[in-house]
Amino acid sequence: MLAGPPRLLSVVSVAVVLLLGWWYLSLVHTTSATPPLKTDHSPPPKSPKKNTGFRASVDPLDFSIPLIFTPGTPKPAGSNYSRILVLPKTQKEDIFWIHAELPDIPLAVYQVDNDTAEFRVPKNKGREAMVYLTYLIDFYNDLPDTIMFFHSHRYAWHNNILMGLDTAQAIRRLSDARVARLGYMNTRCHTDPGCPDWIHMDRPVVDFDDFHKPEEKYYRKGVWDELHPGAPIPPSLSAPCCAQFAVSRERVQQVPIERFIHYRKWLLETSMDDQFSGRVFEYIWQYIFTGNAVYCPAVSSCYCDGYGICFGGEKKTQHWFEVMDERNKYYEELDGHNKEKTKAEEEGKAFEFTEEVKARMKELEAKIRSMDDEMNKLRDAAYERGKEIRNQEAERETYDDTHIWDKVEQR
């Protein structure tokens, strides 16, 4: 009884075996006609360029999606970088100083009021912004390693004090490695004006400062939305003035060319005048090339890593400028006395300093000489210190904490 009916089990088993045999033969017959698999020896598809700051499927003018900027990798120490100097000028402006001081540097000089010039803009509007954007559009796919955007004058109050306010010195000393690493470098190291808290698009009208930042009253929410549709309004826009900077090829190409075209179209079409349409861009270049509305590097890092002038940290750098400020106050006081005498003589009046004033003037002259000596010694030492790469590295901004404790011990 436990074994069950043997005859019935045998019939079922035979049926199952026959069915499996039929299925196997059918499978063999069907697959025998299928061609064998072929091995694909072709190279894999190319991956997107690593410098792309946006996805190809995304509208490049959708500013609600932030660009992805990645740090660059400088060439090995001692390597050469290709460069170009881009600058705007009128026909009357003289740039002989460039040929005299920087004879070997490639130039892209845009004569904004000359329709037959080699480099031309579609319209003389927006000051240097029109020139910078036109160059980026025209040469987007044919850029050198480092692109430097400067004004046409050699000396200006907004240039760097430790280089004698001299653009030629700044260009010669500019670190291509820093530009490659950061992607974008404002060439002005001094943070005033422009930092740390400058343009507010919601500032009350009664608080506008027409002397220090007259562009602020033009930079309102409507302008931001026209330039960056969909992007959130930042609490402030802050960066060292005054629209002179350097960018790497890689960083430029992380920004879709459509955006540069969009910005230039805004310049061409806005009802804002030449001066202030250009001033609007003065405080968004850092946003365009870093994605940061506030971009205020330490003065010491800029001077040391950017130009090889290293005092040994921010406090020591600021000490030099504090001495300079005090020295200049003494000079202004001394100069005031001298001007008083000059004015009296010009008016034909007899003039004689009091004994007290004479004593004070001698004291001021001694203080000024002493401070000049101190400043010269500190500046010369900073130039010498900046020749060593390890000193530049010590003052460089970085998120990399590799061997950071070794560097701490070197302070």
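The values are calculated or read from the model by the stated rules, or taken from the named source; none is laboratory data. Just so it is clear, the model here is predicted, and its values are computed rather than measured. Cβ placement follows ideal geometry from the backbone for every residue including glycine, while neighbour counts extend to all protein chains displayed.
Some notes on this structure:
- Remark: pairs (first residue in segment 287-314, free of Cβ contacts under 8 Å to residues at least 12 places away in the same chain; second residue part of a helix (DSSP H, G or I); Cβ separation under 8 Å; 6+ apart in sequence or on different chains) = 292/286.
- Helices (runs of 4 or more DSSP H) fully within segment 204-299 counting 2 or more residues that are under 26 Å from residue 171 (Cβ atoms): 249-252, 257-269, 274-282, 285-290
- Of the criteria (1) on the phi < 0 side of the Ramachandran plot; (2) surrounded by fewer than 17 Cβ atoms within 10 Å (Cβ to Cβ), which one residue 165 fails: (1)
- Looking at 270, 342, just one residue is β-branched (Val, Ile, Thr) and farther than 25 Å from residue 222 by Cα, and that residue is 342.
- Qualifying residue in segment 248-259 (condition: among the acidic types (Asp, Glu) and either modelled with pLDDT under 95 or buried (at least 17 other Cβ atoms within 10 Å of the Cβ) (or both)): yes
- Among the residues of segment 188-202, the ones that are part of a loop (DSSP other than H, G, I, E, B) and touching a helix residue (DSSP H, G or I) at 6+ places or on another chain (Cβ under 6 Å) come to 2 in all.
- Among the residues listed as 349, 362, 339, 343, the single one being in a loop (DSSP other than H, G, I, E, B), farther than 30 Å from residue 112 by Cα, of a type in the set (Lys, Arg) and more than 33 Å from the chain's Cα centre (by Cα): 349
- Only one of the numbered conditions (1) surrounded by 13 or more Cβ atoms within 10 Å (Cβ to Cβ); (2) without any contact (Cβ under 8 Å) to a residue 24 or more places away in the chain is violated by residue 271, and that is (1).
- Scanning segment 376-395 for residues that are part of a helix (DSSP H, G or I), surrounded by 11 or more Cβ atoms within 10 Å (Cβ to Cβ) and of a type outside the set (A, V, I, L, M, F, W, C) yields a total of 7.
- Only one of 138, 145, 197, 176 that is of a type in the set (Asp, Glu) and either free of Cβ contacts under 8 Å to residues at least 40 places away in the same chain or within 19 Å of residue 276 (Cα to Cα) (or both): 138
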